[in-house]
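Down below is the structure, laid out as structure tokens.
The values are calculated or read from the model by the stated rules, or taken from the named source; none is laboratory data. Only a predicted model underlies this, so the values are computations on that prediction, with no experimental measurement involved. Glycine gets a Cβ as well: all are built from the backbone with ideal geometry, and neighbour counts include every protein chain shown. Just so you know, the surface numbers come from the protein's heavy atoms only, side chains and all, with ligands and any DNA or RNA stripped out. Shrake-Rupley method; radii C 1.70, N 1.55, O 1.52, S 1.80 Å.
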Amino acid sequence: MSSRQEEKEQRRREREEREQAEQSAAKRKRLVQIVGAVVVGAAIVIGVVLALAGGKDENVAGATDLASAAKAADCVVRSFPNEGQAHVEKQLTIKDFKTNPPTSGDHNITPAPDGLYAPGNEPELRNWVHTLEHGRILFQYAKGTPAPRVAQLQQLYNESALGKPAYHSVLMRNNTNMPFAVAAVAWRHYVGCSAFTDKTIPALRAFRELYVDKAPEQIP
């Protein structure tokens, strides 16, 4: 073989070796990129799952506490569909709602302020339903409730929720002739107790802890 042919053959082999080396390097680079993307994606998924699981665990724990306390007090816990949340000017009665006490529905544009209301001075139905939409908890007791029991509710009302005394709460005498001795109401939920005993307070407390600030409009 002539020297020129040998040189050509040598250059061909060198070119093929360079191409193979470049291809191998490109494959390794793509593999590293794929592995990196998989690791990052897995980390993101794990983070989201853990975050969701944390919130779920907290809600599950709160619901479990409420269910246990309600059972001990012989109270019922109910959740309902949203009946609407439009602003209306007309007077409203319990007949305008599907539950008693109401947990949602059309209401007056002015919400009832947070606070403790003396019997006979409680806010109108159309106003306190709007208060529920703002994430408030309404503790309601039936007409004729003994003063010592009302005092227990006042003490509960003044307890801290989310680290603040009487946080986003209302205490009032019920004005819808509800079928309960005492109840706590939130947007789309209530716990109602046919009898008011010492075991009732833990159920009402657990209800507020679970449902305060859980509503369509979060108003400070």
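Set side by side, the residues LEU52, LEU156, LEU132 differ, and just one is under 16 Å from the mean Cα position of the chain (by Cα), at pLDDT 95 or above and among the aliphatic types (A, V, I, L, M), which is LEU132. Can you say whether THR176 is among the hydroxyl-bearing types (Ser, Thr, Tyr) and either part of a helix (DSSP H, G or I) or more than 21 Å from the chain's Cα centre (by Cα) (or both), as far as the supplied structure shows? Criteria met by THR176. Of all residues in region 140-157, exactly one satisfies the criterion of being part of a helix (DSSP H, G or I), open to solvent by less than 50 Å² (accessible area, probe 1.4 Å) and closer than 15 Å to GLY120 by Cα, namely VAL150. Just one residue in the set THR93, THR110, THR99 is touching a Phe, Trp or Tyr at 6+ places or on another chain (Cβ under 8 Å), of a type in the set (Ser, Thr, Tyr) and at pLDDT 95 or above; that residue is THR99. Condition check: open to solvent by 30 Å² or more (accessible area, probe 1.4 Å), outside any strand (DSSP E or B), of a type in the set (Val, Ile, Thr) and out of contact with any Cys (no Cβ under 8 Å at 6 or more places or on another chain). Does THR197 satisfy that? Yes, satisfied.
Return the residues of region 82-98 that are open to solvent by less than 100 Å² (accessible area, probe 1.4 Å) and assigned to a loop (DSSP other than H, G, I, E, B); say none if nothing qualifies. I'd like the intermediate steps shown before the answer.
Kept after step one, since they are open to solvent by less than 100 Å² (accessible area, probe 1.4 Å), are these residues of region 82-98: 82-88, 92-94, 96-97.
Within region 82-98, ASN82, GLU83, GLY84, GLN85, ALA86, VAL88, LEU92, THR93, PHE97 meet the criteria.
Any residue at all in region 168-183 that is without any contact (Cβ under 8 Å) to a residue 24 or more places away in the chain and either more than 18 Å from PHE80 (Cβ to Cβ) or of a type in the set (Val, Ile, Thr) (or both)? No, the conditions are met nowhere in region 168-183.
I need a count of the residues in region 66-81 that are open to solvent by 80 Å² or more (accessible area, probe 1.4 Å) and closer than 12 Å to ARG205 by Cβ.
Taking region 66-81 first, the residues open to solvent by 80 Å² or more (accessible area, probe 1.4 Å) are 71, 74, 78, 81.
Checking which are closer than 12 Å to ARG205 by Cβ leaves us with none.
Counting residues in region 66-81 that are open to solvent by 80 Å² or more (accessible area, probe 1.4 Å) and closer than 12 Å to ARG205 by Cβ gives 0.
Which ones in region 184-198 are without any contact (Cβ under 8 Å) to a residue 60 or more places away in the chain and aliphatic (A, V, I, L, M)? If the condition is that a residue be without any contact (Cβ under 8 Å) to a residue 60 or more places away in the chain and aliphatic (A, V, I, L, M), then ALA184 is the only one that fits. Being surrounded by fewer than 19 Cβ atoms within 10 Å (Cβ to Cβ), touching a residue at least 24 places away in the same chain (Cβ under 8 Å) and among the small types (Gly, Ala, Ser) holds for only one residue in ALA118, ALA161, and it is ALA161.
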